[in-house]
Structure formats: structure tokens, C-alpha cells
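Below: the structure, in C-alpha cells.
The values are calculated or read from the model by the stated rules, or taken from the named source; none is laboratory data. Please read these numbers as outputs of a predicted model, since none were measured by experiment. Positions of Cβ are generated from backbone atoms using ideal geometry, with glycine treated the same way; all protein chains shown enter the neighbour counts.
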Amino acid sequence: MNDKYNTINDKIKIFEEFCKAKGLKVTYQRLEIFNILANSYDHPSAEDIYKKVKPKIPTISFDTVYRTLALFDSYGLIAKVQYLDDKTRYDPNMKPHHHLVCIKCKKIQDFYWPDIEEMEIPEETKGWGLIKNRYLELRGICQECLDKEKKNQKTKL
Ligand SMILES: [Zn+2]
Ligand SMILES: [Zn+2]
């Protein structure tokens, strides 16, 4: 738990410092949107974020949320993740990381694999050009969905 709180505070701090450095105004709306994103571990869509920010800022429009996310993205504060459906999902974690993707519930979870960063790249990729980062996506069925499946099977029997 402690760990999680530290990461959120770290993210907010990085966000504020980044905005200062780039001359981007830290408004209440922007901070609130970023805060919601930093507190989400499921890579939410713009709609998900809008639903969460609306009770806090009732006057906010979906368009504002969407434009704010696009602004964050253009500044490299967050990353876009596109997977399984056409909806863009947002990632507040800018540390090098990889994704575990559930093909059932479309949940995207971060994981770290420092070995990947240090591994020698395959011969066939050499000469391709400049590799800037390494990203791995592991797809499968998450434990929650596996449990659900098991339960359903039991009730059927
Ligand atoms: Zn799942
Ligand atoms: Zn991620």
C-alpha cells in the first residue's frame, strides 16, 4: 500500500515539475485529470476518466477531458495505449515498462522486466535502424477472468 502512495505522489511531483519546466500551467482541472490517471492502474479510456472527474468538477465537458489528455500526450507526460478495441487508453506510467493484457476483460496491467532492457537484440533486427525503446505485451486471461470461468463451469455442472 505504502508503495502505491509513493508512486502517486512521485507521479504528481513529476507532473508539476514537468509542467513548470515546459511552461504548462498547472490548473485545477489539469491536476485533477492527471491525479485520476495517476491513481488508475487499469489504463483508463477518456470516457472512464471523464466519468471519474465529472463528480469532482461538474462543469467539465468530455471535450475538455479529451483535449487535456491530448495535451498531456503531446508533452510526453502520458502515453497512449491502443489495444483490442478502438478506444484509446491512457498510461500515466512513463517509466520503461511492459503490459499484461487480458483478452477477456481488456484489463491492461503494468509489469517490469529489466532483463529485457539489457538483453542483446536479435541479429535480424540489427541494421534495421535506431531502436529507441523496448516494449513487450503479454496477452492472456487474467486471474479474475479465470476464476469467473471456473465458477461458471461449476454452476453448469
Ligand atoms: Zn480479465
Ligand atoms: Zn502501462
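Only one of the numbered conditions (1) assigned to a strand (DSSP E or B); (2) out of contact with any Pro (no Cβ under 7 Å at 6 or more places or on another chain); (3) among the basic types (Lys, Arg) is not met by Arg89, and that is (2). In this structure, is Leu130 more than 24 Å from the chain's Cα centre (by Cα) and either in contact (Cβ under 8 Å) with a residue 12 or more places away in the chain or under 28 Å from Phe72 (Cβ atoms) (or both)? It is true that Leu130 is more than 24 Å from the chain's Cα centre (by Cα) and either in contact (Cβ under 8 Å) with a residue 12 or more places away in the chain or under 28 Å from Phe72 (Cβ atoms) (or both). Here Tyr83 passes the criteria (1) within 17 Å of Leu37 (Cα to Cα); (2) hydroxyl-bearing (Ser, Thr, Tyr); (3) within 16 Å of ligand 1 (Cβ to nearest atom) except the one numbered (1).
Please verify whether Arg89 is modelled with pLDDT of 90 or more, within 16 Å of ligand 1 (Cβ to nearest atom), of a type in the set (Lys, Arg) and in contact with a Ser or Thr (Cβ under 9 Å, 6 or more places away or on another chain), treating the condition exactly as stated. It is true that Arg89 is modelled with pLDDT of 90 or more, within 16 Å of ligand 1 (Cβ to nearest atom), of a type in the set (Lys, Arg) and in contact with a Ser or Thr (Cβ under 9 Å, 6 or more places away or on another chain). Filtered by the rule that a residue be in contact with a helix residue (DSSP H, G or I) (Cβ under 7 Å, 6 or more places away or on another chain) and either at pLDDT below 95 or not in a helix (DSSP H, G or I) (or both), region 47-71 gives Lys56, Ile57, Ile60.
In the set Lys107, Lys80, which member is among the basic types (Lys, Arg), out of contact with any Lys or Arg (no Cβ under 6 Å at 6 or more places or on another chain), assigned by TED's automatic domain parsing to the domain that holds Lys13 and within 14 Å of ligand 2 (Cβ to nearest atom)?
Numbers: Lys107 fails: assigned by TED's automatic domain parsing to the domain that holds Lys13.
That would be Lys80, the only listed residue that is among the basic types (Lys, Arg), out of contact with any Lys or Arg (no Cβ under 6 Å at 6 or more places or on another chain), assigned by TED's automatic domain parsing to the domain that holds Lys13 and within 14 Å of ligand 2 (Cβ to nearest atom).
The residue list Glu137, Glu118 contains one member that is acidic (Asp, Glu) and within 16 Å of ligand 2 (Cβ to nearest atom), which is Glu137.
Is at least one residue of region 62-75 within 16 Å of ligand 1 (Cβ to nearest atom) and under 22 Å from Ile12 (Cβ atoms)? No: region 62-75 contains no residue that is within 16 Å of ligand 1 (Cβ to nearest atom) and under 22 Å from Ile12 (Cβ atoms). Yes or no: region 122-137 includes at least one residue that is surrounded by 11 or more Cβ atoms within 10 Å (Cβ to Cβ), among the small types (Gly, Ala, Ser) and under 25 Å from Lys95 (Cβ atoms). No, the conditions are met nowhere in region 122-137.
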